[in-house]
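Student: My questions will all concern the structure given below.
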Amino acid sequence: MNHLGFKVGSTGLFGSQKLAIFALVIGSFCGVGIATATGVHLVPRLAFGWLPQRWSGDVDRIADLVSGLFLLGVAWYGIVFVLASKQSGVLAPVINVSAWPIQMVIPLGFVSAAARYFFFARWPALRPKAPEFQE
């Protein structure tokens, strides 16, 4: 069968499962920055309340700075991964296109989140309010 110029077989459009995985990867790494900006990312509650409440502003700024630096480190390894993929000419299975442009969302997502943490450290008023309860 031919619909809109695409050959449709018994399993659907050719490569649609692989394209769906790529869409999931792209959406996930775009979501890292969005979750950071809106304060809906998972936060472990370990060691909350160990320090005096009057230090919380400074501790939050230090934590934002450390988080940003950590995410920049992760982004660096993402860049190394993407460059290795580009240099070796890795093709995405089934659809046979270069994988590195799709993989670029990995370091970009982490850089976006790191930048947000640096902004939170510099301008604490930008930091989203913590939810009243953890779901």
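Student: Given the options Ala63, Ala37, name the one that is more than 16 Å from Val105 (Cβ to Cβ), under 22 Å from the mean Cα position of the chain (by Cα), free of Cβ contacts under 8 Å to residues at least 12 places away in the same chain and assigned to a helix (DSSP H, G or I).
Tutor: Only one candidate passes the filter, namely Ala63.
Student: Further question: Going by the conditions given, is Phe22 of a type outside the set (A, V, I, L, M), in a helix (DSSP H, G or I) and more than 19 Å from Phe120 (Cα to Cα)?
Tutor: It is true that Phe22 is of a type outside the set (A, V, I, L, M), in a helix (DSSP H, G or I) and more than 19 Å from Phe120 (Cα to Cα).
Student: Across the stretch 32-90, what is the total count of residues that are hydroxyl-bearing (Ser, Thr, Tyr) and surrounded by fewer than 15 Cβ atoms within 10 Å (Cβ to Cβ)?
Tutor: Within the stretch 32-90, residues that are hydroxyl-bearing (Ser, Thr, Tyr) and surrounded by fewer than 15 Cβ atoms within 10 Å (Cβ to Cβ) number 4.
Student: Which of the residues belonging to the stretch 77-116 are among the hydroxyl-bearing types (Ser, Thr, Tyr), over 13 Å from the mean Cα position of the chain (by Cα), within 22 Å of Ser28 (Cβ to Cβ) and assigned to a helix (DSSP H, G or I)?
Tutor: Matches in the stretch 77-116: Tyr77, Ser85.
Student: Within the set of pairs 6+ apart or on separate chains, which have a first residue in the stretch 47-60 that is charged (D, E, K, R), a second that is surrounded by 11 or more Cβ atoms within 10 Å (Cβ to Cβ) and in a helix (DSSP H, G or I), and C-beta atoms under 7 Å apart?
Tutor: Pairs that qualify, where the first residue is charged (D, E, K, R) and the partner is surrounded by 11 or more Cβ atoms within 10 Å (Cβ to Cβ) and in a helix (DSSP H, G or I), are Asp60/Pro124.
Read-outs: derived from the displayed coordinates by stated rules, not from any lab. Predicted model, so just to flag it, every value in this text is computed and none were measured. Heads up, the Cβs are rebuilt from the backbone with ideal geometry, glycines too, and the neighbour counts pull from every protein chain shown.
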